[in-house]
Amino acid sequence: MTRQKSSSTPHRPSQGNRDFRNRIQRSGKSPGDQKNTPRGAPQIPTGSATAPSGILLKAGREKSLLRRHPWIFSGAIERVDGAPVSGDTLPVRDAAGNFLAWAAYNPDSQISARVWSFSETEKVDAEFFRGRIADALAARNELNLARNSNGMRLIHAESDGLPGLIVDQYGDVLVMQIGSAGAERWRDICADMLQECCKPACIYERSDSDSRALEGLEPRNGVLRGTLPDNVEVVENGLRFRVDVAAGQKTGFYLDQRDNRALTGTLAHDKDVLNCFCYTGGFSLYALRGAAKSVLSIDASGEALRIAAENLANNGLDPSRAEWLEADVFQALRTLRDQNRKFDLIILDPPKFAPTAAFAEKAARGYKDINLLAFKLLRPGGLLFTYSCSGGISEDLFQKIVAGAALDAGVDAQIVHYLHASADHPVLLSFPEGAYLKGLVLRVAQSVHAP
Ligand code: SAH
């Protein structure tokens with residue numbers, strides 16, 4: 001992983017002209033790549049290949065669509081008519097033949113179709129994407145969703161009505177991540193619209209997440225429009241972070257933790273802080289700026305730590321209060337316990353242990369392990385910031401896991417904050433899966449009890 005630095009000016013939609021739709025010319029272009037071919041054996045019975053293409057659901061399986069949930073699982077499908085290929089937009093009908101939605105078909109995914117629109121009269125074409133993108137930008141603009149930062153999530157996939165499309169902004173660079181066959185089909189159109197609306201120096205594509213394989217899509221990583229500046233930087237609440245859009249994790253930075261990092265900064269004064277899974281030092285830098293006494297930061301990625309140390313220097317923070325450790329957190333926490341090290345504030349922000357509910361049990365063991373160890377490392381009255389970004393672990397389950405960890409560690413603890421992703425990661429009410437990040441801030445009691 002290499003990271004780049006930039007003095008790029010923040011690019012935000014101008015406050016003076018909030019309605020992007022008014023600024024966008026109708027282009028009338030057709031979708032870019034129409035050449036997708038189906039892969040993998042369809043588990044869904046196909047109807048007549050000469051009939052008009054469409055998806056017919058099994059009786060009773062229309063309920064989630066009527067609640068406007070955008071996913072159609074393979075098990076809900078009675079039959080697929082015609083000879084559609086991956087990425088095609090198909091009408092979805094209930095068992096009686098009533099129209100339910102227009103959806104992007106993917107025979108290679110467990111999620112066989114993702115809804116573009118629930119309106120029969122809405123045409124899924126270039127103008128459709130222009131409208132959805134304009135709506136997402138307008139919401140961020142009007143609601144000021146990412147105050148005090150030139151980095152923000154511009155498009156949050158299903159929750160912005162664009163299943164499979166993520167767009168993150170870092171100054172004047174946009175990073176696009178495509179995670180569905182439907183979004184893949186409209187990739188060039190979306191890039192054109194973003195170029196037109198935001199006029200970035202570069203649109204970079206980071207379509208190389210593991211989840212692409214589940215969709216039968218090849219990884220892709222490279223410049224889509226413009227030229228990637230040598231250095232990309234995000235300035236968040238006055239702190240500068242280098243963003244490696246080409247090789248960093250996710251799209252290069254974890255924008256979702258912006259507000260939570262800020263909260264940590266306000267509570268770090270005079271504390272010994274331990275930041276586990278620190279990446280490029282997000283929480284660590286906020287804690288140092290918040291006058292923490294010491295900050296020990298751990299990550300398995302040496303490259304992330306190298307950038308973290310650079311970020312520290314670029315922000316003029318005191319390196320003598322910062323210690324960086326390249327290690328496996330599971331192991332490092334045990335070593336710290338054996339050394340009898342103690343901390344006043346601990347952050348646990350691990351990677352996704354459970355991408356889906358199928359991994360929940362194994363993930364639960366991982367969360368319990370690190371939380372139990374963290375409770376043991378906290379001084380009485382200490383604070384634990386603990387997170388899960390696993391879609392397969394609900395908020396309720398996460399709280400139960402943390403409660404079990406506290407019990408086994410022999411500590412009583414209070415929840416003082418329930419945390420989520422920042423507001424530029426909105427959650428569509430009909431799509432609770434959009435609320436993937438959950439966090440708790442816990443204050444442990446002054447005395448311990450027997451585990
Ligand atoms: N809190 C960070 C984001 C953390 S992302 C921020 O605010 O920017 C999760 C991090 O965990 C990644 O940097 C990854 O390198 C690291 N990681 C994954 N598995 C790990 C392990 N077993 N031990 C240590 N670090 C790990």
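The values are calculated or read from the model by the stated rules, or taken from the named source; none is laboratory data. Remember, predicted model here, so these are calculated numbers, not experimental data. Here the Cβ positions follow ideal geometry from the backbone for every residue, glycine too, while neighbour counts run over all protein chains shown. Accessible surface is based on the protein model in full, side chains and every heavy atom, while ligands, DNA and RNA are left aside. Shrake-Rupley method; radii C 1.70, N 1.55, O 1.52, S 1.80 Å.
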**Request:** Place a +1 charge on the Cβ of each Lys and Arg in the stretch 194-307 and a -1 charge on the Cβ of each Asp and Glu, then give the dipole magnitude about the Cα centre in debye, rounded to the nearest 20.
**Result:** 320
**Message:** With n ≥ 4 as the cut-off for DSSP H runs, can you work out [θ] at 222 nm for the chain, using -39500 (n - 2.57) per run divided by the number of residues, rounded to the nearest 500?
**Reply:** -8000 deg cm²/dmol
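From the protein chains alone at 1.4 Å, what is the descending order of accessible area for D81, D338, D318, largest first?
Details: D81 25, D338 115, D318 60 Å².
If we order D81, D338, D318 from most to least accessible, we get D338, D318, D81.
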**Asked** Can you tell which of P163, I77, L137 lies farthest toward the positive end of the dipole of the chain, using +1 and -1 charges on the Cβ of basic and acidic side chains (Lys, Arg; Asp, Glu)?
**Response** L137
**Fill in**
Tilt, helix 126-143 to longest principal axis of the chain (alpha-carbon atoms), in degrees rounded to tens, equals 30
**Message:** I'd like the distance between the alpha-carbon centres of the stretch 389-451 and the stretch 222-290, rounded to an integer number of Å.
**Reply:** 22
**Request:** Kindly sort T386, T356 by accessible area of their heavy atoms, largest first, with the probe set to 1.4 Å.
**Result:** T356, T386
**Prompt:** Among L317, S301, A291, whose Cα sits farthest toward the positive end of the charge dipole of the stretch 268-341 (+1 at Cβ of Lys/Arg, -1 at Cβ of Asp/Glu, about the Cα centre)?
**Reply:** A291
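Sorted by accessible area with a 1.4 angstrom probe, largest first, how do H420, H425 fall?
On the way: H420 75, H425 10 Å².
Solvent-accessible surface, decreasing: H420, H425.
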**Asked** In whole angstrom, how far apart do the alpha carbon centroids of the stretch 296-373 and the stretch 135-186 sit?
**Response** 28
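Have a look at the DSSP beta bridges in the chain and tell me what percent are antiparallel, nearest 5. Display every interim value, and only then the final one.
On the way: 52 of 78 bridges.
Within the chain, antiparallel bridges account for around 65 percent of the total.
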**Request:** Sort 236-242, 58-64 for me by packing, meaning the mean count of neighbouring Cβ atoms within 10 Å per residue, highest on top.
**Result:** 236-242, 58-64
**Asked** In debye to the nearest 20, how big a dipole does the chain give about its Cα centre with +1 on each Lys and Arg Cβ and -1 on each Asp and Glu Cβ?
**Response** 460
**Prompt:** So what is the accessible area of the stretch 287-351 per residue, in Å², with the probe set to 1.4 Å?
**Reply:** 44
**In sequence order, calculated HN-Hα J values of the stretch 369-375 (Karplus, 6.51, -1.76, 1.60; Hz; x Gly/Pro)** = 4, 6, 5, 4, 5, 5, 4
**Request:** Identify, among Q195, N221, V232, the residue whose Cα sits farthest towards the positive end of the charge dipole of the stretch 188-244, taking +1 on the Cβ of Lys and Arg and -1 on the Cβ of Asp and Glu, with the dipole about the Cα centre.
**Result:** V232
**Request:** Please go through the residue pairs K368/K438; K63/K352; K58/K123; K63/K362 and name each one whose alpha carbons sit more than 19 Å apart in this structure.
**Result:** K63/K352; K58/K123; K63/K362
**Item:** Dipole in debye (nearest 20) - the stretch 312-419, about Cα centre, beta carbon charges: Lys, Arg +1; Asp, Glu -1
**Value:** 200
**Fill in**
In order over the stretch 87-98: 3J(HN,Hα) from phi, Karplus 6.51/-1.76/1.60, θ = phi - 60°, whole Hz, x for each Gly or Pro, gives x, 5, 8, 10, x, 10, 10, 7, 4, 8, x, 6
**Item:** Carbon plus sulfur fraction of accessible area for the stretch 323-451, probe 1.4 Å, in percent
**Value:** 56
